Amino acid sequence: MGFSPHVRADVVAVAIPVIAGAIAAAIELGPRSLWLDEASTFSIVSQHGSALWHGIKGDGGNQLAYYLLMHFVVAWFGHAAWVMRLPSVLATAVTGGLVAAIALRLFDNRRIAVAAGLLTVISVSLVYWGQNARGYAILVTLSVGSFLALIAILETPADRSPSRGAVIAYVLTTLAALYVGYDVALLIPAQLALLLLFRERARLVIGCLALVLVLCVPLLVLAEERGSGQLFWVTPLSWRVAYQAAVTLLSAGAPPNFHNTSTTVAAAIVTALAVLAAIVVAARAALPARRRPGSWPVLLLLSWVVVPTVLTLVVYAAGEPIELSRVTILVMPALGLLLGWLLLRPGVVPALGLAALAVLLALRLLQLIPSYGVSPEPWDAATAYVLASTPADQSACLVFYPQDGREPFDYYLRAFRPSAASDPAPSLRPILPSLAWTTVKPFVEVYGTIGAGQLARTAQTCQRLWLIGSHEGQAHGTSESRANLTRYLQLEHELRRLYPHTSLRSFGWASPIHVRLLYR
């Protein structure tokens with residue numbers, strides 16, 4: 001028995017964004033170099049048993065579920081860059097389908113569904129995380145799934161109980177999202193705000209969230225043990241930070257990872273005007289929500305966009321470290337839905353709406369296409385440079401600051417010399433951290449250094465020494481970030497005092513990799 005034409009049309013409307021999202025995230029998936037955090041994923045998930053748990057615990061429980069997933073992915077399929085990034089590609093594709101499904105549920109309009117899905121997945125910032133061996137793309141997918149399940153609960157007629165499947169889906173997606181990233185907690189107040197319109201569902205939804213909270217107790221314990229100090233690298237709120245977040249949110253760029261294009265400003269302005277228009281029109285449509293229950297969908301989208309945004313800015317301004325540009329991806333699906341509704345809602349001339357949609361998508365593609373294969377933090381190039389500059393008859397010692405840098409260097413060392421299982425770099429002796437190349441170990445945010453006595457002994461035994469630094473600290477960052485930078489500068493000063501000759505080469509721009517050779 002086949003599906004009805006109506007169902008087949010809905011499936012097509014959902015499938016188009018799924019396919020577009022998969023293609024957008026799969027293009028040039030492997031060439032971009034792993035950056036520091038992706039290498040940390042590789043190092044953590046390559047552990048086993050208690051070592052795996054220690055690595056996960058060291059990150060404060062953040063991305064716990066993602067690390068467990070990737071542990072099995074790497075164990076079963078290997079650690080090629082494209083393999084580690086593939087789950088994020090699939091998540092981006094699913095996000096497009098879930099957004100389209102929400103649009104169908106809210107507006108029963110296939111054109112809006114396709115438009116909203118495409119406006120979500122055709123985004124340089126979302127595609128960037130969709131090509132990352134990190135959990136952010138999956139976090140977005142789970143958060144959208146949480147909203148879809150919540151909508152199914154809220155839209156159930158008052159005289160009927162919501163389906164068990166919707167309730168279970170709401171609990172599981174919300175719980176899983178929190179176990180991938182704490183930031184998703186910023187969306188929960190937006191969901192609770194909707195209970196003002198659906199008071200009859202308040203007990204059920206709050207009960208679900210209470211269950212989620214209980215199940216998150218282990219996560220809260222890990223977070224408390226780690227503390228917010230792990231986010232010392234987050235700079236205080238400033239106009240520069242706000243600008244980068246705004247450009248990211250508007251899918252007009254992804255600074256500082258990618259340079260502006262000739263159309264970045266145009267994309268930002270056009271999209272900003274469209275978003276403002278969507279918010280104003282949606283607010284006007286939602287004003288009589290109590291008298292017209294059918295207008296509540298736009299109120300949901302407004303809550304999804306406005307509540308987390310305002311809450312994030314308030315918390316950030318109060319001094320709690322939040323990486324603003326990354327948090328913006330949580331509201332991008334809602335913006336896609338709002339823009340799709342604005343352009344293709346009933347009452348808008350179809351040709352005009354489709355033309356405006358085409359302009360927005362074209363501007364997004366003009367930002368996305370130049371980003372493919374670009375490595376803002378090219379650890380592959382830095383590793384290749386050190387190997388090429390260290391011949392077998394001129395061995396050298398190696399110091400990383402922070403010690404995180406050992407993770408991507410180790411990854412590419414193995415990639416460049418896969419057959420040298422015993423020692424892929426016999427001419428390079430690791431001093432900091434002092435660990436054989438045959439061992440993979442995470443060093444997330446380890447900013448240790450070498451004492452003066454050990455430095456002097458190292459200088460006596462090493463005629464040549466590489467100092468590799470990245471994410472060393474920020475002169476205008478937090479107190480801990482400034483202290484880290486000071487420690488690095490002191491280390492560099494002491495080494496230059498011991499070695500009369502030096503050369504410096506930098507790689508990348510987002511967080512430049514400084515490769516300094518010191519020699520006699």
- [ ] Return yes when residue 328 is modelled with pLDDT under 95 and open to solvent by less than 20 Å² (accessible area, probe 1.4 Å) and no when it is not.
- [x] yes
- [ ] Give the number of residues within segment 299-345 that are more than 21 Å from residue 154 (Cβ to Cβ) and over 22 Å from the mean Cα position of the chain (by Cα).
- [x] 5
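So, in segment 248-267, exactly how many residues are of a type outside the set (Val, Ile, Thr), closer than 23 Å to residue 116 by Cβ and open to solvent by 20 Å² or more (accessible area, probe 1.4 Å)? Give the derivation first.
Step one: list which residues in segment 248-267 are of a type outside the set (Val, Ile, Thr), which gives 249-260, 262, 266-267.
Now drop any that are not closer than 23 Å to residue 116 by Cβ, which leaves 249-254, 266-267.
Those left that are additionally open to solvent by 20 Å² or more (accessible area, probe 1.4 Å): 249-250, 266.
Adding up the residues that qualify gives 3.
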- [ ] Could you run through segment 1-50 and say how many residues are open to solvent by less than 10 Å² (accessible area, probe 1.4 Å) and free of Cβ contacts under 8 Å to residues at least 60 places away in the same chain?
- [x] 1
Open item on the list: Just the residues that are farther than 23 Å from residue 118 by Cα and in contact with a Lys or Arg (Cβ under 7 Å, 6 or more places away or on another chain), please, taken from segment 1-49.
Closed with: 37, 38, 41, 43
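A quick yes/no check of all residues on (1) open to solvent by 20 Å² or more (accessible area, probe 1.4 Å); (2) not aromatic (Phe, Trp, Tyr):
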residue	(1), (2)
374	yes, yes
385	yes, no
389	yes, yes
400	no, no
408	no, yes
411	no, no
425	no, yes
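Within segment 487-520, track down each residue that is open to solvent by 60 Å² or more (accessible area, probe 1.4 Å) and part of a strand (DSSP E or B). So that I can check it myself, show each step before the final result.
First, pick out the residues of segment 487-520 that are open to solvent by 60 Å² or more (accessible area, probe 1.4 Å): 487, 489-490, 493, 496-497, 500-501, 504-506, 509, 519-520.
Once the filter is applied, which keeps residues that are open to solvent by 60 Å² or more (accessible area, probe 1.4 Å) and part of a strand (DSSP E or B), segment 487-520 yields 501, 504, 505, 506, 519.
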TODO: Take the residues in segment 70-111 that are free of Cβ contacts under 8 Å to residues at least 24 places away in the same chain and not small (Gly, Ala, Ser), then tell me which one is surrounded by the most Cβ atoms within 10 Å (Cβ to Cβ).
DONE: 83
Task: Counted residues, segment 439-480 - those being open to solvent by 50 Å² or more (accessible area, probe 1.4 Å) and in contact with a Leu (Cβ under 8 Å, 6 or more places away or on another chain) - done: 5
Open item on the list: Going by what's in this entry, would residue 319 be described as open to solvent by 10 Å² or more (accessible area, probe 1.4 Å), more than 24 Å from residue 254 (Cβ to Cβ), part of a helix (DSSP H, G or I) and at pLDDT below 85?
Closed with: no
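From the list 436, 483, exactly one residue is of a type in the set (A, V, I, L, M, F, W, C), under 30 Å from residue 237 (Cα atoms) and either open to solvent by 20 Å² or more (accessible area, probe 1.4 Å) or touching an Asp or Glu at 6+ places or on another chain (Cβ under 9 Å) (or both). Which is it? Even if it seems obvious, please write down each step before you answer.
On the way: 436 fails: under 30 Å from residue 237 (Cα atoms).
Going through 436, 483 in turn, just one is of a type in the set (A, V, I, L, M, F, W, C), under 30 Å from residue 237 (Cα atoms) and either open to solvent by 20 Å² or more (accessible area, probe 1.4 Å) or touching an Asp or Glu at 6+ places or on another chain (Cβ under 9 Å) (or both): 483.
Restricting to segment 58-69, count the residues that are open to solvent by 10 Å² or more (accessible area, probe 1.4 Å) and part of a helix (DSSP H, G or I). Reasoning before the result, please.
Taking segment 58-69 and keeping what is open to solvent by 10 Å² or more (accessible area, probe 1.4 Å), we get 58-59, 62, 64-65, 68-69.
Applying the additional criterion that residues be part of a helix (DSSP H, G or I) yields 58, 64-65, 68-69.
Total satisfying the criteria: 5.
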Open item on the list: If I go through segment 21-43 residue by residue, how many of them are touching a Pro at 6+ places or on another chain (Cβ under 9 Å) and assigned to a loop (DSSP other than H, G, I, E, B)?
Closed with: 4
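Residue by residue through segment 271-285, note down the ones that are open to solvent by 60 Å² or more (accessible area, probe 1.4 Å) and either among the β-branched types (Val, Ile, Thr) or over 19 Å from residue 307 (Cβ atoms) (or both). Lay out the reasoning, then the answer.
Step one: of segment 271-285, the residues open to solvent by 60 Å² or more (accessible area, probe 1.4 Å) are 273, 276, 280, 284.
Residues satisfying the conditions are 273, 280.
The values are calculated or read from the model by the stated rules, or taken from the named source; none is laboratory data. None of these values were measured; they are calculated from a predicted model. Positions of Cβ are backbone-derived with ideal geometry, glycine not excepted, and every protein chain shown enters the neighbour counts. With ligands, DNA and RNA removed, areas are computed over all heavy atoms of the protein, side chains included. Shrake-Rupley method; radii C 1.70, N 1.55, O 1.52, S 1.80 Å.
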